[in-house]
1. If amide hydrogens are placed 1.01 Å from N in the peptide plane, which non-local residues have theirs closer than 5 Å to the one on residue 477?
2. Once phi is turned into θ = phi - 60°, what whole-Hz ³J(HN,Hα) does the Karplus curve with 6.51, -1.76 and 1.60 give for every residue of the range 541-549, x standing for Gly and Pro?
3. Decide, for the range 462-574, between rounded, prolate and oblate: order the square roots of the alpha carbon gyration tensor eigenvalues as a ≥ b ≥ c, take rounded if a/c falls under 1.5, and otherwise choose prolate if a/b is larger than b/c, else oblate.
4. Using a 1.4 Å probe on the protein heavy atoms, what percent of the accessible area of the range 268-396 belongs to carbon and sulfur?
5. What is the distance in Å between the Cα centroid of the range 728-780 and that of the range 255-286?
6. How much accessible area does residue 465 have with a 1.4 Å probe, in Å² rounded to the nearest 10?
7. Tell me which residues come under 5 Å, amide H to amide H, from residue 736 once H is placed; ignore anything under 5 positions away on its chain.
8. What FRET efficiency comes out for residue 117 versus residue 471 if R0 is 51 angstrom and r is the Cβ-Cβ distance? Round to the nearest 0.05.
Amino acid sequence: MSPISSPDGSSPPVRPANSPAGDPATGPGSAAPRPRPSAEPAEPAETPATGDGPSRDDPSRHDPTGHDPSKDDPTGPDDGGSVAERATRDLAAQFEDEKPGRVLSGPAGLLLTAAALAVGALSLWQVFRPLSQGSKYYLIIFLAGVLPLVFLAYPADLRLRARLAARRRRPTNNGGTNNERTSGGSDSDSDNHGTDATVLTRLASTTPTMTDWVLVVLAVAACLYPVLPVPLGSGGGGYNAFLDRQGLLVPADLAMGTILLLLLLEACRRTTGWILPAVCLLFLGYGYYGGLLPQSWPVAHAGLDFSQLVDAFYNSDSGFYGTPLDVAASYIVLFTIYGAVLELSGAGRFFVELSAAAFRRSRTAAGRTAVASGFLLGTVSGSGAATTVSIGAVTWPLLRRAGYPPERAGGMLAAAGVGAILSPPTLGAAAFIIAEYLGVSYLQVLGWATVPTVLYYLGILLSVEIDARRSGVRPVVIDVGSPWRLLARFGYHFASLIAIIVFLAVGVSATRAVVFATLLAVALSFLDRTKDRAYQLTPARLVTSLVTGVRGVLAVSAVCAAAGIITATTTKTGLGPQAAALLIGGAKAATSDPTLVLVLTALLAAVALSLLGLAVPVTASFVIGWVIVGPALLDLGVSAPAAAMFVFYFAVLSEVSPPTALAAVAAAAVTGGRLVPTMWQTLRYALPAYLTPIAFVITPAGLGLLGIGGVQRIAFAAVVTALSVAVLAVAAGGWLPGVGPAGAPERVLGALAGVTLLWLEPVPVMVGAALAAVAAAGVFVRRGSAGRPSSGSPANPVEEQL
């Protein structure tokens, strides 16, 4: 199904990323050319437009990756689709918190499919008929279902030679790959270099090893041991007997808890890398050796022996089976299934084409399309780097034809993609944890995120408009149909998103709301009336979506279970209050003024959270930040919603924060831009997101940004912060739209004005507004002395076909 049709009723060809306007579309059997990260974007090889290629009505032409949805294989989410689609997914996975998994087939693929279907069915059953033994019993069964699949789906990837080869092909700071720098980038390099996606796909395509199968068996045994009804020495004996031994673990309990601890660390290493397991081991070491620290140190404690730690992890409500895993098993798995259903029903492609249609004749059509696509895709994906790759594959050719440099385009794509984690109604996994920690409904969390999301995208759109005028970006007329016609034909994709909000508003639980929305999306998929009905969710494709959804939660479940090591250690040792006291003490060492202490604490917390987010995934970053930084903010009188959203935003912003900036790295791989400049461009586009959370916590009026308070407070906070975002965008971009370029003095004044406006009190707001007015007057004076600047637009805009 393609929402856009040519005048003859057929669908226009879709080119992969980095293909020029005249190139033919990629067929279902050809891999999409990898955008090589070099100074000049690589051009794909010509694909002859022969009769063997895809026809106009071939569904593979409707997806930028060449994916034919009619050929999806229900044996697993990675088994269907074309080589190009798998390469795109692997490219996205390289830069996501999650590493690319295996493409399983044969008995292993069938086993994974069967197990994933069982886990998905159990998750849906739990929504309407919860297990009578309680939620912890369900979490034990859920973990027993997903943890073994991690060892099947994700390779150990310990081969040094292969990993070094992949590293040599990563983007470098000065463009090109490491091999290209040493060999001169000759034409023959393409045969030797391959692509990052190809290397990782080759690694991921191997079948499970004997070691993997051993780990699968151990995972099943360790996870199901608490519910084992058969006595095993002094252990076993069933679920109730296991709970009765809390604090009095027997040797069998200790052995199984230790095995599960090691398995979770290995699962995290396979799915996210070495850093999170290292952090967990650091907390484990602190719990065990903390008693050896000098007792005069604030972080010293009495010390815990190993059996006490295993008991806290394995047989308490704050360990492996704590709130993070509860969120993954109760909420995230359902939303990943929902996202898979929407994707297979063609919603993702529709959102991109609707964005293009809405701005097809504007001067900044290319930039606006990229930003709007990021927002719309973000409502269903909740994944920053993956959304960046998805929108980049379609919109980078438009941005390039408009004249955007690769680095600037990459920054725009990365900033728009990260908005996926901030955009309702499907925020990132940490948002569900917020709801559980604070004991509020998910609808309230969505309400808190609404105004900041609007402000975030306002800042990006203003930066797009400023760049277009400052850099003389060429208008691109996108050859697509009317957005109204598009909405009339395929607007039903919005129905399930709206349904989630409606269900939540009338008091339906979040779990039931997403299940009902998923069923609605399945039913509406049969409104697809394109040739072959390629996007109708037949039983086989429903199996694919269910398996895809469950497979998408494997890595998150491993991270959430391992996060129990951190939360349990913090709870048992009292580290949270101790760290909060250290943070506040550091601020009080600089000043005794309570207001300044709060500001300094917020700034120190922002820096700490940003550094933490560079090392661990967003979900783990939030959990650690909440137990360490959250108490400090709460002790200073910050409300719980403001403190939680503050931690959430800075955990998310690690995806655009140098030097890691995973979303920026992904964007550089798509556009071929230099890595470090792309990161700095991303930082410029995302600047409002770094400053707006500060306003949550430093003044009571900042709660208006979270939709808390009366209409007057909310309107005041939103309008003033929007003005701050606009002034900061002008200061960062160096151009006042409708007037002209801003010099260094005006930009400095604008930056001061924007920061001052974030202090949402009457006097600072008036001072900030006055500084902004002086900066704007300076730009007017500059234009009067220099004459009206040229817009740099060509007489004839470039026409581009999406």
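The values are calculated or read from the model by the stated rules, or taken from the named source; none is laboratory data. Since the structure is predicted, the reported quantities are computational estimates derived from the model, not experimental observations. Don't worry about glycine lacking a Cβ; one is built from the backbone with ideal geometry, like all the others, and counts go over all protein chains shown. Accessible surface is based on the protein model in full, side chains and every heavy atom, while ligands, DNA and RNA are left aside. Shrake-Rupley method; radii C 1.70, N 1.55, O 1.52, S 1.80 Å.
1. The answer is 798, 799, 800.
2. Working through the residues one at a time gives 6, 5, 4, 4, 5, 5, 5, 4, x Hz.
3. Oblate, since a/c reaches 1.5 and b/c is not below a/b.
4. Whole-percent figure for carbon plus sulfur exposure: 63.
5. Each part's Cα centre sits 48 Å from the other's.
6. Roll a 1.4 Å probe over it and residue 465 shows about 30 Å².
7. 742
8. 0.50
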